[in-house]
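Working notes, structure below.
The values are calculated or read from the model by the stated rules, or taken from the named source; none is laboratory data. Quick caveat, the model's predicted, so the values are computed rather than measured. Here the Cβ positions follow ideal geometry from the backbone for every residue, glycine too, while neighbour counts run over all protein chains shown. Areas reflect the complete protein model, heavy atoms only, side chains present, ligands, DNA and RNA absent. Shrake-Rupley method; radii C 1.70, N 1.55, O 1.52, S 1.80 Å.
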Amino acid sequence: MLKQDVISFTVVRERAGQKMTSKYSGKLAGDTIKGKIETERDGQTSSRDWEAKRATAKATGTWKWSFEIPGGQTLEPSAKLTQEGDKLTGVLIMGDQ
């Protein structure tokens with residue numbers, strides 16, 4: 001789940017009949033997520049810090065922004081971009097399209 005700049009997700013792994021659940025939570029800032037992992041295994045819970053960085057500096061993804069136009073109306077467009085090498089293509093979406 002991503003809510004504003006806070007991300008959270010759960011990973012369940014099973015190995016040799018043992019089940020381990022890890023709950024990740026963190027704050028997204030630019031190309032970095034920093035947060036905590038809570039892991040439950042054999043009835044014991046442990047917590048540790050984690051940090052993830054975007055693997056590539058590509059512009060691929062959905063980018064959203066807002067701005068005000070004369071008359072006080074706020075527009076909230078988004079762009080869905082795809083980067084292949086040095087070529088960037090995309091679609092600009094205005095409103096609820």
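Overview of results
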| read-out | value |
| --- | --- |
| Tally, over the stretch 38-78, of residues that are within 21 Å of Ile7 (Cα to Cα) and not basic (Lys, Arg) | 20 |
| Any pair with Cβ under 9 angstrom, 6 or more apart, that starts in the stretch 73-90 at a residue that is farther than 12 Å from Gly61 by Cβ and ends at one that is open to solvent by 100 Å² or more (accessible area, probe 1.4 Å) and part of a strand (DSSP E or B) | Thr74/Glu68; Leu75/Glu68; Glu76/Lys64; Pro77/Lys64; Pro77/Leu92 |
| Selection count where residues are open to solvent by 80 Å² or more (accessible area, probe 1.4 Å) and either within 17 Å of Gly30 (Cα to Cα) or in contact with a Lys or Arg (Cβ under 8 Å, 6 or more places away or on another chain) (or both), scope the stretch 63-97 | 5 |
| Residue list for the stretch 50-62, restricted to those being part of a strand (DSSP E or B) and either open to solvent by 70 Å² or more (accessible area, probe 1.4 Å) or under 17 Å from Ser8 (Cα atoms) (or both) | Trp50, Glu51, Ala52, Lys53, Thr62 |
| Matching residues, the stretch 12-62, being of a type in the set (Lys, Arg) and within 30 Å of Gln83 (Cβ to Cβ) | Lys27, Lys34, Lys53, Arg54, Lys58 |
| Looking only at the stretch 1-49, and only at residues there that are in contact (Cβ under 8 Å) with a residue 12 or more places away in the chain and not in a strand (DSSP E or B), the one that is least open to solvent (accessible area, probe 1.4 Å) | Asp5 |
